[in-house]
Amino acid sequence: MPSRREFMAILSRWSAALGLASFPLAAAVRSAWAGKMQRRKLTSDTELDALVRLDPAELDTSDYPVTPLEGFRTMGLSDHSVNLDRWRLEIGGEVAEPFALSHDQLAELPVVERNVLLICPGVFALHGRWRGVSIYSLLQRAGLVDGAAGVVVRGPEGPYEKKERFPIEEVKSGKVFLARGVNGVPLPRKHGFPLRLVAEDHYGHRWVKYVQRIEAVKG
């Protein structure tokens, strides 16, 4: 049986050969493989800079301290602003009853809060206490259609929109959720206010900032 490093090299070549359309499947296989691996437990004295070339799916951060907010770094879009009077989080796709929620309505929902490590490979790492809402509970409220296999997260609205897809199992487990705050304060604008996707075990480029739409998808 190949080592994880050998397996990931094979997977990378396979994904490149099939093209970008294979990426969701490759990500799902990577996640499944990571779930069977023995994670390396980080000690409290491990420097953040030592993590930037590691895979978050291989690390156990249960005893690792939260990074102070002033030590957070960021990449990508960081100055997007929204008009909260008009902004809504849209829930749609393979659901029976699409709906939208205002920022105030989101604040009334049950809270999800988890410590999750974010790694931007080769650049920086941070370990935040992210507080927000469950994507799966929103999909259930909308009437998730049988056969929905994944969730697409989009944001922000406009020319800088990006989208990322995740298997429904990661959404059900709570590893993929929406953050409204971090380290006990409202989510700062440069980190994605009013909503940022938290994607545990995934690299930072998949953590969508300024989320404005969630779509359940089949296939």
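One table, with the values for the structure above:
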| item | result |
| --- | --- |
| Residue list for the stretch 169-219, filter: closer than 19 Å to P68 by Cβ and touching a helix residue (DSSP H, G or I) at 6+ places or on another chain (Cβ under 8 Å) | V182, N183, V185, P188 |
| Residue within the stretch 114-126 that is among the small types (G, A, S), assigned to a loop (DSSP other than H, G, I, E, B) and more than 19 Å from N83 (Cα to Cα) present | yes |
| Candidate set: the stretch 69-91, residues that are closer than 30 Å to P56 by Cβ, touching a residue at least 12 places away in the same chain (Cβ under 8 Å) and of a type in the set (D, E, K, R); chosen: the one surrounded by the fewest Cβ atoms within 10 Å (Cβ to Cβ) | D79 |
| Among the residues listed as E157, E94, E108, E164, the single one being acidic (D, E), buried (at least 19 other Cβ atoms within 10 Å of the Cβ) and either over 17 Å from the mean Cα position of the chain (by Cα) or modelled with pLDDT under 95 (or both) | E94 |
| Filtered residue count, the stretch 159-186, keeping only those that are without any contact (Cβ under 8 Å) to a residue 40 or more places away in the chain and not charged (D, E, K, R) | 4 |
| Residue that is surrounded by the fewest Cβ atoms within 10 Å (Cβ to Cβ) [pool: residues in the stretch 127-137 that are in contact (Cβ under 8 Å) with a residue 60 or more places away in the chain and assigned to a strand (DSSP E or B)] | R129 |
| Candidates P159, P194, P188 - the one that is under 23 Å from L51 (Cβ atoms) and out of contact with any Pro (no Cβ under 8 Å at 6 or more places or on another chain) | P188 |
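The values are calculated or read from the model by the stated rules, or taken from the named source; none is laboratory data. Predicted model, so just to flag it, every value in this text is computed and none were measured. We place every Cβ from the backbone using ideal geometry, glycine too, and count neighbours over all the protein chains shown.
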